[in-house]
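Have a look at the structure below, then the notes.
Please treat every number below as a calculation from the coordinates, not as lab data. Model, not experiment: these values are computed from the prediction. Every residue, glycine as well, gets a Cβ built from its backbone with ideal geometry; the counts of neighbours run over all protein chains shown.
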Amino acid sequence: MLNLKTAHYSVIRLILILLGSAALVSCMTYYQRQQRFQLHFQSGNVEQAASVLENDRRAEKRRTRLLYYMDQGVVQHMLGNYRESNEFFEHAYILGEDYRRNLGDEALALLINPKVTEYRGEPFELLMVHYYKAMNFIQLGDLDAALVECRRLNIALNALGDRYQGQNKYRRDAFVHNLMGMVYDAAGDYNNAFIAYRNALEIYEEDYSTLFGVEAPAQLKYDLLRAAYRTGFHDQVRFYENRFGIEYEHGNRTGHGDVVLFWHNGLGPVKDELNIVFTIVRGAGGSLHFINEEYGMSFPVHSSSRSSGDLGDLRVIRVAFPKYVERPPVYESARVDAGEIKTGLCLAQDLNAVAFQALEDKRFREMGNALLRLAVRQAAEQGIRKEDETIGAIFGILGAIAEQADTRNWQTLPHSVHYTRLLLPEGETDLSVELLLPGGNTARTVHMRADVRAGGTSFLNFHTVGSRL
């Protein structure tokens, strides 16, 4: 009996240590813990931001190593180190694919909080890994490798569609299909480009316009018509001309090439914590209902009659959920001046809206997990109190402090992605991009040079990381 009792108290001490460790760091969100890196990155000091990451010797051993690889990939991409960027993104891809259910992690998450588990990334974050890799390969002149990323994207998109069935959910990505079309287009595979552009158009019209308020870009419509024409699908050209209300003119492309310009605008949202107070209502058969009248929430959490009784006289609890906080970009739109050609950039992806929708899609699951975590912890506390009132009280205090939502997310993603396509004469061409404020006034002009290849496609991208917060 003595050995059993000793073992019992050893387990309790271990739980108290784990809760105490979690409580020490629970007051800080992931964004706050990355404050030094974030300050450099948001100020546009990308080299200093990269240095902070490189000097973090424990980064690859933490349970946030996926985010470390993603952040390294972004900063190296912005510095023009495309091979190094892809090495980090390949690590991120492998880690994202190598998902293994860890029962020990899940048990600790139920007892402490979800931050003790390995961060595996949101589906849209894992898709953006392939986007950056494809862009890196394009800059390296390796379209075949970029096409491999497109195929990986297609596999990931199919898995996403299978995972999230039903309407009004983020289950298909129009921007990713659009990118696939551009890469196939640049490689001269106009048939696959047409299919990808057509898929992108469908998703913009059926999903994005409703979920995110993002309409099909005008540039996509012209690209779809051009791909149909080059594939010889003249009936499709006529069909989409009638549908779009525009007349396609192929024109003389001799001695000209395409320049596709991407603009990564601002910074995506960061995760913070939302605390909600629930009232516990006990039902028949040991069931529990957690109710919050302010938000109109009611969640049933099944529990055995014994564990329900172990909750004692508890009537009110605080539960922590993740929430996103938007970082509004400084600039709202942009237009490019290439001499005789002047055009605006089209919004292709609103990553801020995608992030909010992705969290909304799993809101009930997140809340159910959080409430179950509280039920398990409170039952454990009541059980410990029966053995030792003081230790039980300490357990309750540490548990309350350790109660925190998982605030980890990929925080170097842009707020939105805009793009356009220019048909320019062969040779070097100077481009001026005017960045416009919400009122329409020009706030800043970015100058760049495009090396245009006759019959080819060049890709350029630039970033503005400012935020109005």
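Descriptive notes on the structure:
- Between PHE262 and LEU460, ASN461, PHE462, the built amide H atoms are under 5 Å apart, and every one of these is 5 or more places off in sequence or on another chain.
- Eligible aspartates and glutamates near LYS386 by straight Cα distance, threshold 16 Å, same-chain separation 8 or greater: ASP310, ASP313
- Phi to ³J(HN,Hα) by Karplus 6.51 cos²θ - 1.76 cosθ + 1.60 over the stretch 367-375, Hz, x for Gly, Pro: 5, x, 5, 5, 5, 5, 4, 5, 5
- Rounded to the nearest whole Hz, the Karplus-based 3J(HN,Hα) values (6.51 cos²θ - 1.76 cosθ + 1.60, θ = phi - 60°) of the stretch 193-205 follow the sequence 4, 4, 4, 5, 4, 5, 4, 4, 4, 4, 6, 4, 6, with x at glycine and proline.
- Among the chymotrypsin sites (Phe, Trp or Tyr not before Pro) found in the stretch 251-293, not one is both in a DSSP coil and sparsely packed, with 10 or fewer other Cβ atoms within 10 Å of its Cβ.
- Fully extended contour minus Cα-Cα distance, from THR254 to GLU202, at 0.36 nm per residue: 15.5 nm
- Computed extension gain for VAL325 through LYS61, at 0.36 nm per residue and net of the alpha carbon distance, reaches 92.3 nm.
- Shown for ARG243, ARG444: other C-beta atoms within 10 Å of each C-beta, ranked fewest to most, produce the order ARG243, ARG444.
- Residue exposure sequence - MET28, MET135 - by fewest surrounding Cβ within 10 Å: MET28, MET135
- Sorted peptide list for 180-190, 327-337, criterion being average Cβ within 10 angstrom, highest first: 180-190, 327-337
- Based on Cα contacts under 8 Å between residues 6+ apart, the stretch 159-208 shows a relative contact order of 37 percent.
- Residue exposure proxy: HIS234, HIS289, ordered by other Cβ atoms within 10 angstrom of their Cβ from fewest to most, comes out as HIS234, HIS289.
- For the set LYS221/LYS271; LYS61/LYS115; LYS115/LYS323; LYS61/LYS271; LYS61/LYS362, the pairs lying more than 24 angstrom apart at their alpha carbons are LYS221/LYS271; LYS61/LYS362.
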